[in-house]
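Remarks on the structure that follows.
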Amino acid sequence: MGHPGSEENRASGESELPPGQRLQRGWPVTHYGPVPKFKPDRWEFQVFGATADGEKHSWTHEQFSALPFSTVVADLHCVTKFSMVGAEWGGVPARTILELAPPAAGVSHVMVWAEYGFSANMRLSDFASDRSILATHKDGELLTAEHGFPLRLIVPHLYAWKGPKWVRGVEYMTADRRGFWEERGYHNIGDPWREQRYSYQEEPGDGPEL
């Protein structure tokens, strides 16, 4: 169950945006640093950290591309205050990864790792949402390199920085740890419906000490 007005609770065909957001036509390119070059023979997706079997799990690009494909229609809310609504994201549900490489019993959070050492942390429950998807496609088309090809995470109920572009792996964690932007002043949880944009807004229990 989402917050009042959240995308899960919207009446069909109506778009109510989180506070402080504006509707965006089109999809602006926003990221930090250069666009990485994709080398399929060197690309690997890894799951590591506190896995149930204590092992690291990995997939080549060919293997990952063969995983069951699914779609979810979901909005994208950027902390820079634009929202893109009703996009169809295609790819591998995050829950599929959790099933193929289960976390250990004590795992509470994950760190999603991307190219150049970029990272984003979130609660395991956020990653495990049935709407979280490791996307390869948008609206039936492969993602462009600027928008995260070959793989980006979409977590519709959190601000978009929690879904990194150019994802390469997921680390299972038994304690929370801040990711790249969370160490640099962004809110540790990032719920757009509560307008959790910046770390100074955090309440006790929202995240590790800065």
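The values are calculated or read from the model by the stated rules, or taken from the named source; none is laboratory data. Everything numeric in this text was worked out from a predicted model, so none of it was measured. No Cβ is skipped: glycine too gets one built from the backbone with ideal geometry, and neighbour counts run over all protein chains shown.
Go through the residues of region 64-86 one by one and say whether even a single one is among the β-branched types (Val, Ile, Thr) and within 12 Å of the chain's Cα centre (by Cα). No, every residue in region 64-86 fails to be among the β-branched types (Val, Ile, Thr) and within 12 Å of the chain's Cα centre (by Cα).
Across region 128-141, not a single residue is classified as without any contact (Cβ under 8 Å) to a residue 12 or more places away in the chain, closer than 22 Å to PRO18 by Cβ and of a type in the set (Lys, Arg). The residues of region 186-210 that are charged (D, E, K, R) and closer than 27 Å to LEU23 by Cβ, listed by number, are ASP191, ARG194, GLU195, ARG197.
Beta carbons closer than 8 Å, at least 6 apart along the sequence or on distinct chains, pair a first residue in region 177-188 that is closer than 16 Å to THR80 by Cβ with a second that is basic (Lys, Arg) and not in a helix (DSSP H, G or I) for TYR186/ARG197; HIS187/ARG197. Every residue in region 23-54 that is surrounded by 10 or more Cβ atoms within 10 Å (Cβ to Cβ), farther than 17 Å from LEU143 by Cβ and at pLDDT 95 or above, please. Matches in region 23-54: GLU44, GLN46, VAL47, PHE48, GLY49, ALA50, THR51, ALA52.
Listed by first and then second residue, the pairs linking a residue in region 55-76 that is closer than 14 Å to ASP139 by Cβ to a residue that is modelled with pLDDT under 95 and assigned to a loop (DSSP other than H, G, I, E, B), with Cβ atoms under 7 Å apart and 6 or more places separating them unless they lie on different chains, are ALA74/GLU7; ASP75/GLU7. I'd like the residue in region 128-157 that is out of contact with any strand residue (DSSP E or B) (no Cβ under 8 Å at 6 or more places or on another chain) and either in a strand (DSSP E or B) or not polar (S, T, N, Q) (or both) and, out of all such residues, is nearest to ARG95 (Cα to Cα). The qualifying residue nearest to ARG95 (Cα to Cα) is ALA128. Suppose the filter is assigned to a helix (DSSP H, G or I), in contact with a His (Cβ under 9 Å, 6 or more places away or on another chain) and of a type in the set (Phe, Trp, Tyr); does TRP193 pass it? Yes: the conditions hold for TRP193.
Among the residues of region 158-174, those identified as β-branched (Val, Ile, Thr) and either in contact with a helix residue (DSSP H, G or I) (Cβ under 8 Å, 6 or more places away or on another chain) or in a loop (DSSP other than H, G, I, E, B) (or both) are VAL170, THR174. Checked against the criteria, ALA128 does not count as in contact with an Asp or Glu (Cβ under 9 Å, 6 or more places away or on another chain), more than 14 Å from VAL167 (Cβ to Cβ) and surrounded by fewer than 19 Cβ atoms within 10 Å (Cβ to Cβ).
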